[in-house]
Every structure is written in C-alpha cells, then in structure tokens.
Amino acid sequence: MGAITQIGTSDDRMLSLIRTTVAKDCNPDEFNLFIHTARHLGLDPLRRQIYAFVFNKNDEKKRNMSIITAIDGFRTIADRTGNYRPDEDEPSYDIDPELKGPNNPVGLVKATVRVWKHSHGQWHKVTASAYWDEYAPIKEEWAYDQEQGKRVPTGRFLLDTSGNWGKMPRLMLAKVAEALALRKAWPDDFSNVYAHEEVDKARIIDDALPSEAADRGETEARMEKIGGPNSILFDWSLDGKAPLEPVPVGQIADRAFAFIKEHSEEPGFISLWRERNRFALREFWAKSPSDSLEVKKAIEQAVAAEKQLTPAETAILEQSTLLAG
C-alpha cells in the first residue's frame, strides 16, 4: 500500500506537510476527505500520485474540490486489484483532416484505449473513447465592446496552449480515454477520482519538489496579500497620493474603461493617469495583449479629445508628471 496508508493518523508532521503542499487550498472538511480518499486508494500525495484541486476557492457558492490522480496513479490502483493488465496495442485515433487548425493541431476526433480485466475466470476487454471536443481545454474569448461599454464574448474559441494539449494532443486525449476505461472497469476504486487530463485546468501537476511547492505556497500567500500573482498595481487617484491598488488582470480593462469614461471631461487628467501608470500598463500588455490593446485605444481616443489646456494648466500637468515619474 502507499505511504499515506502507512502514515496512519498519528504522523502529524507528515499530514501537515501534505496540507501545506499538495492540498494547501483545502478547508478542513475537504482535507479530511482528500486524506480518506488517498488512504482508500493507497496512493501517496507526497510522491505526486494524487492531488486535491479546489475550483472557485474564493467563491463559497461555487467552491468545489476535485481529487486529481496522475495517470500512473490510475495504473497503480488498477494493478493492485490483481486482475488488470494493459492492452498490448497502442491507443487508436480517429482523425479528420478538415478539423485540423489552431484549436485542433492534428484534427483529432477521438482517442480510444482498451484495458483488460480478469473476471469469472477469463479476461474481458474494456474499451473507452474520449472525444476532442469534450475534453480539449478550449475557452471562449472575451473582448471589450465599445457600443455596450463592457467586455462581451467575441464568439471565438481558443485552445489553451499553456499546458501540453497543443504540444502532445494525441497523448493527452489518450490519457483521458485510458482513465475512462479504468473507471469503467473498476467503478468503485475510481469513484469521484479524476486524472488531471480530464480536468480543464492547466498546470495542475508540475515537477516541483514538495519543499519547492511549500516555498511556492508561502510565496502565493504573500502575493494574495497584495491581490495575488495575477494582479497589477494601479494608481486610480486624482492627485497621485493614494495607495496603489492591486487589480486582477481580468478586471483591469473594465476598470480602465469606467475610469476613462468618468474622467474624460477633466483637462489633461487621462494623460496624467497614463503617465502615472505607464509601468503598470506595460505589464498589463505583457499579461493580456488583446485587452491591453483595447485599453490603449480608449486612452488614445480620450487623450485626443481632451480639452485644450491653458498655459497654467499645462505647467501644472507637466509638474505633476515629473513628480509621478
């Protein structure tokens, strides 16, 4: 059995290490369920065989934990039953050349994998297929609409290439199919357990050591205090004296559009605001080029429409810009 089963309930230090690394987002009830499942499956979280991933962790109404198992963990569980053997053949694929494109690099329709289960004195083949359009991490694109004054769906869908789906599409889809086949053959052992390829979330599993993951958790905790690692500090004040505010990247465009609309009638103010936030706007462009471009256009339009400044106002603006720099 796995190390987590051997740990038992008395090894507080080991359980603490698990909680602060691979299960750091869990609340007490979720952590208890995760440990119970790990023990039941005989998998060791510290050997990266099983993970607890919490979706919508900042929204209590939508919060949901999924127990994620590496595909090798799936195979280990099946092997321990004593009545499993893998198929000798490679996975098979249905490919349609007409589907090939940015969102489907090789034109995959589905991947099929077979596993074998020994039951009632003979081997039975268990087959499962995974379809590209059901599991590939393809997400809807959003952009700012000038007429509606907010971000809306563009109707375009893009493949998330931050993981391996764009690099190794056959392998990723085959892993999903294999997990489905194993769950089909041993439903009790794999109840409510998912391979990370089945979950639409990039970078759930990486190659960091437990100590590195713990350091990363501490870093994330510090980052959350300033708005999280995916936030950028902006100055929304009128005089540049208020504290900088961390704004999640996904909210910056909407905040900027509302801010520009509210202050577009104030002479020279949008120009000054742009100068004060020049580094933040550059970082925004690096993290979200499409949204940043829309914000850039809105700023340029507002600056072009700004009222003509008097010499005194120009001097004040220039002095403020120097102080902001």
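Listed here are the residues, each with its yes/no results for (1) of a type in the set (A, V, I, L, M); (2) surrounded by 12 or more Cβ atoms within 10 Å (Cβ to Cβ); (3) modelled with pLDDT of 85 or more.
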{"site": "Asn230", "(1), (2), (3)": "no, yes, no"}
{"site": "Phe234", "(1), (2), (3)": "no, yes, yes"}
{"site": "Asp239", "(1), (2), (3)": "no, no, no"}
{"site": "Leu244", "(1), (2), (3)": "yes, yes, no"}
{"site": "Phe259", "(1), (2), (3)": "no, yes, yes"}
{"site": "Glu283", "(1), (2), (3)": "no, yes, yes"}
{"site": "Ile299", "(1), (2), (3)": "yes, yes, yes"}
{"site": "Ala304", "(1), (2), (3)": "yes, no, no"}
{"site": "Gln308", "(1), (2), (3)": "no, no, no"}
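Whenever a residue of region 142-166 is surrounded by 15 or more Cβ atoms within 10 Å (Cβ to Cβ) and at pLDDT 80 or above, it has no partner that is assigned to a loop (DSSP other than H, G, I, E, B) and basic (Lys, Arg) lying with C-beta atoms less than 7 angstrom away and at least six residues away or across chains. Residues being part of a loop (DSSP other than H, G, I, E, B), closer than 30 Å to Lys24 by Cβ and out of contact with any Phe, Trp or Tyr (no Cβ under 7 Å at 6 or more places or on another chain) are represented in region 67-78 by at least one member. Out of Val109, Val54, one residue alone is hydrophobic (A, V, I, L, M, F, W, C), out of contact with any Phe, Trp or Tyr (no Cβ under 9 Å at 6 or more places or on another chain) and within 30 Å of Ala185 (Cα to Cα). It is Val54.
The values are calculated or read from the model by the stated rules, or taken from the named source; none is laboratory data. Owing to the predicted nature of the structure, the values given are computational and were not obtained by experimental measurement. Note that each Cβ is placed from the backbone with ideal geometry, even for glycine, and that neighbours are counted across all protein chains shown.
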